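Working notes, beginning with the structure itself.
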Amino acid sequence: GFIGNNIVRELLKEKDAEVIALARNKNDVSLQGLDIKIVQGDITDVELMDRIVEEGMVIIHVAGIVALDNKNYDRVMRVNFEATKDLVDIAIKNKAGRFVYVSSVEALYKEKNSISKEPEAFYPDKIKMVYGKSKALASSYVYEKIKNKELNGIILYPSAVFGPRDYKDTNNITAIFKKAIDGKLLGIIKGSYNFIYIDDLSRLVVKACKEEHKGTYLATGEEVSIDRLMTSTFKVLDKKKPRKYPLWLISIGCFFITLHARATGKPQLYTLANIKYLNLGYKYDNSKMLKDFGIKLTDFDVAMEETVKWYLACKNGENKL
């Protein structure tokens with residue numbers, strides 16, 4: 001996937017790194033040409049996981065399903081929670097050396113206009129969407145095993161991850177970039193979210209493999225308004241950005257977009273739920289991560305330039321690696 005293939009590339013910068021990547025498709029384009037061993041399979045295959053995990057091995061768990069609604073509730077729970085629980089149990093049984101779990105800030109229960117820090121308790125019952133609920137359950141299980149010293153592990157909670165080499169259009173950010181590049185983005189909405197650049201997250205994950213920090217860390221970057229996101233994007237494109245529309249008008253538009261999506265089967269770029277989410281004022285304190293790991297985050301505009309240029313290269317049929 002998007003995060004996984006970038007972490008693999010960062011790992012390969014390390015001397016004598018032996019990387020085994022689990023992929024559902026052995027011919028996954030994101031892993032082609034990399035000096036690694038690819039095992040084809042599914043994270044939910046307990047017997048396969050048991051065969052792969054060996055004593056002393058460092059496990060980086062990034063597998064998961066990102067879901068913006070509750071349509072595939074059981075599947076999301078199976079992959080995001082139950083498979084994580086099974087993998088942790090296998091890691092303990094087979095005496096893995098280190099377990100790095102890449103969770104999500106969606107695992108945290110948050111109040112409107114709150115500032116979140118590293119969680120010590122989880123509230124899955126208070127989280128409405130299955131993605132956040134499944135991540136909360138999984139994170140709680142991993143955290144308890146670390147706290148009880150059964151597992152030498154660490155949990156990272158990234159915010160919205162963006163950057164090049166997203167071959168599978170992982171999230172709505174990718175869709176926004178593509179529409180902007182194609183000239184199909186009709187307008188800009190009010191709201192903001194926290195973003196972390198994929199190169200920064202990848203460096204953090206590799207550091208987490210080697211350094212003996214334990215517990216939990218918010219792997220977040222900068223709080224960025226959608227307006228600034230689009231300003232940066234269209235600056236690279238050297239185009240005039242679309243106009244900004246009020247929330248009431250966007251809300252009406254979402255009703256018709258939903259009807260169109262249901263009729264055509266195409267995914268929605270904006271839903272009323274995620275527009276509301278962008279205006280809840282969630283903030284994240286990443287000071288612990290910055291201090292303990294000595295990570296210096298990439299300037300947002302520099303990261304955006306690299307990202308947009310990569311998507312432009314893809315559109316022009318140039319090398320996507």
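Brief remarks on what is shown
- Estimated Rh, the stretch 3-144: Kirkwood, alpha-carbon pairs, angstrom: 16.3 Å
- Here the gap between residue 47 and residue 150, fully extended at 0.36 nm per residue and compared with their Cα-Cα distance, gives a gain of 34.9 nm.
- Note that the stretch 144-213 carries a Kirkwood radius of 15.0 Å, evaluated over its alpha carbons pair by pair.
- Inter-probe distance in nm under a simple model that places probes 7 Å from Cα toward Cβ, at residue 214 and residue 85: 2.3 nm
- Dmax and Rg, reported as Rg then Dmax, of the stretch 2-315 (C-alpha, Å): 19.5, 57
- Structure remark: mean-square fluctuation, Gaussian network model of the chain, C-alpha springs under 10 Å; the largest value among 198, 176, 155 belongs to 176.
- From phi via Karplus (6.51, -1.76, 1.60), per-residue ³J(HN,Hα) for the stretch 296-301 in Hz, x at Gly/Pro: 9, 6, 5, 3, 4, 5
- Chain lengthening between residue 115 and residue 35 when straightened (0.36 nm per residue, less Cα-Cα): 24.7 nm
- Couplings 3J(HN,Hα) of the stretch 101-118, computed from phi: 9, 8, 8, 6, 5, 5, 6, 8, 7, 10, 8, 4, 6, 8, 10, 8, 10, 4 Hz, in residue order, whole Hz [Karplus 6.51 cos²θ - 1.76 cosθ + 1.60, θ = phi - 60°; x for Gly and Pro].
- Computed over the chain, relative contact order equals 19 percent, with contacts defined as Cα pairs under 8 Å that lie 6+ residues apart.
- Each residue, residue 20 and residue 291, gets one label point 7 Å from its Cα in the Cβ direction; the gap between the two is 3.8 nm.
- For the chain, a Gaussian network of Cα nodes joined below 10 Å ranks 12, 204, 22 by mean-square fluctuation, and the top entry is 12.
- Sum of side-chain charges, residue 214 neighbourhood, beta-carbon under 14 Å (Lys, Arg +1; Asp, Glu -1): 0
No value in this document is a laboratory result; all are computed from the given coordinates. Bear in mind the structure is a predicted one, so any value in this text is a computation, not a measurement. Virtual Cβ from ideal backbone geometry, glycine too; neighbours counted across all protein chains shown.
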